[in-house]
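Structure first, commentary second.
The values are calculated or read from the model by the stated rules, or taken from the named source; none is laboratory data. These numbers come from a predicted model, not from an experiment. So basically every Cβ, Gly included, is an ideal-geometry build from the backbone, and we count neighbours across all protein chains shown.
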Amino acid sequence: MSSTKDLFEQLRNLTTEQRNPASMEIDAKSIPEILRIINAEDKKIADAVAQEIPYLVQAVRIVVQAFKDGGRLIYAGAGTSGRLGVLDAVECPPTFGTDPEMVQGMIAGGEEAMFKAQEGAEDKEENGARDVDQKKVGRNDVVCGIAASLRTPYVVGAVKRAKARGAKTLYVTTNPRTRLYSQEFTELAKSVDVAVCPEVGPEIVMGSTRMKSGTAQKLVLNMITTTAMIQLGKVYENMMIDLQMTNLKLKERAKRVVMTIAGVNYEEASAFLDQAGGHVKTALVMIKAGVDRKEARRRLKESEGFVRDAIEGKEHDSQG
């Protein structure tokens, strides 16, 4: 922007910076009334995200292909958006047994910004570009910008640099898609492969995008990574089967998964997990297919890690 007045005008026109008619007198309401107003607005979020499923399909396909090619999904955001990206990234290893490098989060201001706002860290595109360079982003990677306001310089800089380095790019914003593809954001739009734009409308408290916008972003990120992981064979039926047994809770969860799917008791589940080296998938194939550890491992390799196919002894046929 050429001046602070230009920035003022830009912000004034963003959906996320408008006043919400439903909460104009919220300061004069009782506690139950305030909560009902917030809840009524929150109910609109899932429907807004549902409208974006065609674009989410495209986004997931890009992410799945990146993972199959050995690439990474890297989120880039500032403030609440950045924290949500980091949160999604750090939850993938314990949930799906992924390498921590596979899904990563970059936040303007670095790790300190997770716990305390780093004012001004988001205001320069070069900061986002620098972080992308430091990650050595390449053609097998996907960089997903997250910016409720659409215009966050740090995020814009990260996505533009990622595209210049040959990576695929996604963009998650709660401002309208028409806004992204307006003349004002032409340069950014050229750098985005797929945009996901759930229109949740103005916030209850004007500009407080940690509310509806943050909730929508959390839903979108959950959908992208969870669906991608299912497509990589990390779920059987509706159960996590690639979890890492890194603490007592996860060890017991692994036993319960084996017991539930394979119909064995606690002691049998424990014994098979021991034989499988603590690998849930291997234990399941051993039990369900009646094979030893070596054969179970071979079948899992042939089926690209899909337990259902490994049990049946066939190669995986992608449904993407």
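What to note about this one:
- For Met229, the criteria (1) within 27 Å of Ala59 (Cα to Cα); (2) surrounded by fewer than 20 Cβ atoms within 10 Å (Cβ to Cβ); (3) out of contact with any Lys or Arg (no Cβ under 9 Å at 6 or more places or on another chain) hold in every case but one, which is (2).
- Positions within segment 149-177 being under 15 Å from Ala66 (Cα atoms) and either in contact with a Cys (Cβ under 6 Å, 6 or more places away or on another chain) or in a helix (DSSP H, G or I) (or both), in sequence order: Ala162, Lys163, Leu170
Listed here are the residues, each with its yes/no results for (1) touching a helix residue (DSSP H, G or I) at 6+ places or on another chain (Cβ under 7 Å); (2) assigned to a helix (DSSP H, G or I).
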| residue | (1), (2) |
| --- | --- |
| Glu41 | yes, yes |
| Gly71 | no, no |
| Tyr75 | yes, no |
| Gly82 | yes, yes |
| Pro93 | no, yes |
| Thr98 | yes, no |
| Met106 | yes, no |
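- Yes/no for Gln118 being without any contact (Cβ under 8 Å) to a residue 12 or more places away in the chain and of a type outside the set (Asp, Glu): yes
- From Tyr266, Tyr236, residue being surrounded by 16 or more Cβ atoms within 10 Å (Cβ to Cβ) and among the aromatic types (Phe, Trp, Tyr): Tyr236
- Counting the residues of segment 2-32 that are modelled with pLDDT of 90 or more, outside any helix (DSSP H, G or I) and not polar (S, T, N, Q) gives 4.
- Single match in Ala113, Ala129 (criterion: outside any loop (DSSP other than H, G, I, E, B) and farther than 18 Å from Thr169 by Cα): Ala113
- Of all residues making up segment 132-187, the number that are under 19 Å from the mean Cα position of the chain (by Cα) and acidic (Asp, Glu): 1
- Helices (runs of 4 or more DSSP H) fully within segment 217-320 counting 3 or more residues that are among the β-branched types (Val, Ile, Thr): 248-262, 280-289
- Which listed residue, of Gly166, Gly157, Gly201, is small (Gly, Ala, Ser), crowded, with 24+ Cβ neighbours inside 10 Å and over 19 Å from Met223 (Cα atoms): Gly157
- Complete set of residues in segment 92-113 that are without any contact (Cβ under 8 Å) to a residue 40 or more places away in the chain and either over 14 Å from Asp131 (Cα atoms) or not β-branched (Val, Ile, Thr) (or both): Asp99, Pro100, Glu101, Met102, Gln104, Gly105, Gly109, Gly110, Glu111, Glu112, Ala113
- On inspection, Lys44 does not qualify as farther than 30 Å from Gly138 by Cβ, free of Cβ contacts under 8 Å to residues at least 24 places away in the same chain and either loosely packed, with under 15 Cβ neighbours inside 10 Å or assigned by TED's automatic domain parsing to the domain that holds Asn140 (or both).
- Flag for Lys116 being among the charged types (D, E, K, R), out of contact with any Leu (no Cβ under 7 Å at 6 or more places or on another chain) and modelled with pLDDT of 95 or more: no
- When Pro153 is tested against the conditions (1) in contact with a helix residue (DSSP H, G or I) (Cβ under 6 Å, 6 or more places away or on another chain); (2) of a type outside the set (D, E, K, R); (3) under 19 Å from Ala48 (Cβ atoms), the lone failure is (3).
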